[in-house]
Amino acid sequence: MAFCPEILSPVGSPESLAAAVRSGADAIYIGAKQFSARRNADNFDDSDIIDTVRYCHIRGVKVYLALNIMIKQSELESAFNVAALAYKCGVDAIIISDLGLASLLHKHIPDLQLHASTQMTVHSPACLPLLKSLGFSRVVVSREMSKQELQEFCKAANEIGIEVEVFVHGALCMSVSGQCLLSSVLGARSGNRGLCAGPCRLPFKAMGGTGYDLSLKDLCLYKYINELKEMGVASLKIEGRMKRPEYVSAATAACRQAVDNGFINQKLFKTLQDVFSRSGFTDGYYSSKLGRDMFGIRTKDDVMAAGDTYSYLHELYRAERQSVNIKMSAEILADMPMTLSVSDGKNTVTVSGKSPQTAKTRSLEKQTVIDNLTKLGNTPYFCEDISVNLQNGLFAAASTLNALRREAIEQLDSKRAQITVNEYTAPQFNVSCNLSGKKQFIARFANKEQIPENLDSIKSVILPFECDMPHIDGVEVIAELPRYIGNDSVIEKRLKVLKEQGITTAYCGNLSAIALAKALGFKIMGAIGLNADNNETLKTLKQIGVDAQLLSSEISLNEIKNIAADIPVGIFAYGRLPLMLTRNCPIKNGKTCAECDKKATLCDRKGIEFPVMCRAGYSELLNSAPLYMGDRLGEIPNVDYLLFYFTNEAVDEVSNIIDMYKCGEKPTGEYTRNLYYRDLI
């Protein structure tokens, strides 16, 4: 039998459940009321989860629960309990992004399947052994991967026994998932916490661009389904837990057709585009055709087109999808109760009914028995084979046969919905250790020309790893690895050169960077991209080889007081915070790289400018104003180091800022405190 990937559909509300399952989903993913990356969806409470698992398992559909947000220290116990309840309810896997929560679940509930969320920013094969060691059986890869990158990733994943899940349809964020701070910094609604306000869909203008240069069209990869099958992709994922049931139905049915037939009929594809698109779809990342054609917005015409699709789509999921094959065996003999056995290949039930009567006029015919017992139109079952042992000269009413069938199907439903789980032990969440004392200064520079002569207060200097590394007396030089890694071998080759030059520490913002640098003997300083927000995550990072870690830039000063790590930790203390990491430079919507003066900006609807900086095949959107905490150093809880993150500052400005921090001076000009005085919900 040819390999067939599962179709994984979004279900953000009970109303969307039937739409997904009846339109052809093999699995669905839902969110709990807490800790889901779509917290604005209706989502599911405890009883909803139980009902959903029962409904799906009867129909042969798996259920995955998304707990894929960054978890605060104060939330760890609650998040663990939500996952544990899901396990007891029979949920087939948890989709997770927080390393600390994942580590707790793997240790205490080892039978619970863990899927690494796309929020973990996995896009390179180097981290796969690491993920497997942490208990992950599947990884949801970044949407920005090209066909060639996916092929190489799937090959490596298949070799070590990790499944690969790929988004094939739905909304595309401009930023790589897990690396966007735009919504939290501009509006205190964090995408990493499941409350993204979608500011990227508002006007952000590049010179000569579209006017909406952070808004991408929706992804659609259905025409590449056969290629993804050949790669060994295990799961084809549809985005859309915030969408209507009609959208879920259209996207699922289209994927079902593409998997089963290799194509989608024209009417269904047109309906799919009408029910929701942003002036069409894009496959730009997969086909490596980046640029202006990938951008789009939801127009009035797009909205109007959706209303015409609903009646057609309602018909797609009006009735049960008969997708579970069963076999039946019936015996109707004189002076004995009639029996019916039903089997789905794993579960078998046998029920007994009344004894048949002696026929007075017309005897019961075998075909009549078959017709009545296989009347399964209001169930998810389809009878592929039935055997009937019928003695001549007997009679049984149709109502009797129907009752026998109904009882057998009810018992089979019950067996298929049964849940068997092993006992587990809950962890203790007491914290006793404390952070260490004196705060040291570490400075990150975009290039070595920014480095001032006087570095007497700076412990370490971080430079992009592609730079020529200078020797600085008394100061450690650290190599900053790319935040997005498109080719592991390129990174390995450069790291070997740096090692020969005496560089011993790598600044890493993703799991692949950690794995590559650690394999070559580098010490690891973790960057903000690792989203360290709780003690268990810090403990897990230490376990995989991180020697010091920058805390998430979405943590407040108040929440830092709850951090008690046994590795040095720091905070982002100065600089323009990277708000987005993207592989599709928005500036190129208006000018080529050759025309760019390296001082490019995006302008929002209020006229505020946000710098864009590029390196190593990706771009970063920076905050419009730098964070400044030089006059608030006494309010920062007891962390080990403060990071100065210099991006577009001139060397004189760099020197002045360092002096201001040394003296505790108040800021001048425009500045921000970022989120240090706001506890994100």
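The values are calculated or read from the model by the stated rules, or taken from the named source; none is laboratory data. Computed from a predicted structure; not experimentally measured. Cβ placement follows ideal geometry from the backbone for every residue including glycine, while neighbour counts extend to all protein chains displayed.
Could you pull out every one of the helices (runs of 4 or more DSSP H) wholly within the stretch 451-544 that has 3 or more residues that are buried (at least 18 other Cβ atoms within 10 Å of the Cβ) and in contact with a Pro (Cβ under 8 Å, 6 or more places away or on another chain)? Because the criterion is at least 3 residues that are buried (at least 18 other Cβ atoms within 10 Å of the Cβ) and in contact with a Pro (Cβ under 8 Å, 6 or more places away or on another chain), the helices (runs of 4 or more DSSP H) in the stretch 451-544 that meet it are 511-519. Do you know which of the residues in the stretch 566-585 that are out of contact with any Ser or Thr (no Cβ under 7 Å at 6 or more places or on another chain) and within 16 Å of LEU214 (Cβ to Cβ) is surrounded by the most Cβ atoms within 10 Å (Cβ to Cβ)? Result: PRO578.
So that you can scan it fast, the table gives a plain yes or no per residue for (1) in the same structural domain as THR350 (by TED's automatic domain parsing); (2) surrounded by fewer than 16 Cβ atoms within 10 Å (Cβ to Cβ); (3) without any contact (Cβ under 8 Å) to a residue 12 or more places away in the chain:
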{"position": "ASN372", "(1), (2), (3)": "yes, no, no"}
{"position": "THR379", "(1), (2), (3)": "yes, no, no"}
{"position": "SER387", "(1), (2), (3)": "yes, yes, no"}
{"position": "LEU394", "(1), (2), (3)": "yes, no, no"}
{"position": "ARG405", "(1), (2), (3)": "yes, no, no"}
{"position": "GLU410", "(1), (2), (3)": "yes, yes, yes"}
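Of everything listed in (1) part of a loop (DSSP other than H, G, I, E, B); (2) surrounded by 16 or more Cβ atoms within 10 Å (Cβ to Cβ); (3) modelled with pLDDT under 95; (4) not polar (S, T, N, Q), the single unmet condition for LEU313 is (1). Once the stretch 95-111 is narrowed to residues that are free of Cβ contacts under 8 Å to residues at least 60 places away in the same chain and crowded, with 24+ Cβ neighbours inside 10 Å, the residue that is farthest from ASN487 (Cα to Cα) is LEU105.
For the stretch 469-507, a residue qualifies if it is small (Gly, Ala, Ser) and either touching a residue at least 60 places away in the same chain (Cβ under 8 Å) or at positive phi (or both), and the qualifying residues are GLY474, GLY486, GLY502. Say we look at the stretch 635-667 and pick out the residues that are of a type in the set (D, E, K, R) and closer than 17 Å to ASN454 by Cα; which of these is surrounded by the fewest Cβ atoms within 10 Å (Cβ to Cβ)? Once the filter is applied, the top-ranked residue is ASP652. Taken over the stretch 182-217, the residue count meeting the criterion of being buried (at least 23 other Cβ atoms within 10 Å of the Cβ) and at positive phi is 1. Quick one: is SER117 buried (at least 24 other Cβ atoms within 10 Å of the Cβ), under 29 Å from ARG143 (Cβ atoms) and out of contact with any Phe, Trp or Tyr (no Cβ under 7 Å at 6 or more places or on another chain)? Criteria met by SER117. Among the residues of the stretch 71-93, some residue qualifies, meaning at least one is charged (D, E, K, R), farther than 30 Å from TYR310 by Cβ, in contact with a strand residue (DSSP E or B) (Cβ under 7 Å, 6 or more places away or on another chain) and in a loop (DSSP other than H, G, I, E, B). Scanning the stretch 186-218 for residues being under 18 Å from GLY280 (Cα atoms) and either modelled with pLDDT under 95 or acidic (Asp, Glu) (or both) gives a total of 2.
Conditions (1) under 21 Å from the mean Cα position of the chain (by Cα); (2) closer than 26 Å to VAL21 by Cα; (3) crowded, with 19+ Cβ neighbours inside 10 Å, marked per residue:
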| position | (1), (2), (3) |
| --- | --- |
| SER175 | yes, no, yes |
| LEU219 | yes, yes, yes |
| MET231 | yes, yes, yes |
| GLU246 | no, yes, yes |
| CYS255 | yes, yes, yes |
| GLY262 | no, yes, no |
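Of the residues making up the stretch 380-425, those that are touching a strand residue (DSSP E or B) at 6+ places or on another chain (Cβ under 7 Å), farther than 23 Å from TYR55 by Cβ and not in a strand (DSSP E or B) are GLN391, GLY393, ALA396, LEU404. Out of (1) outside any strand (DSSP E or B); (2) within 22 Å of the chain's Cα centre (by Cα), what's the single condition that is false for THR210? The one condition THR210 does not meet is (2).
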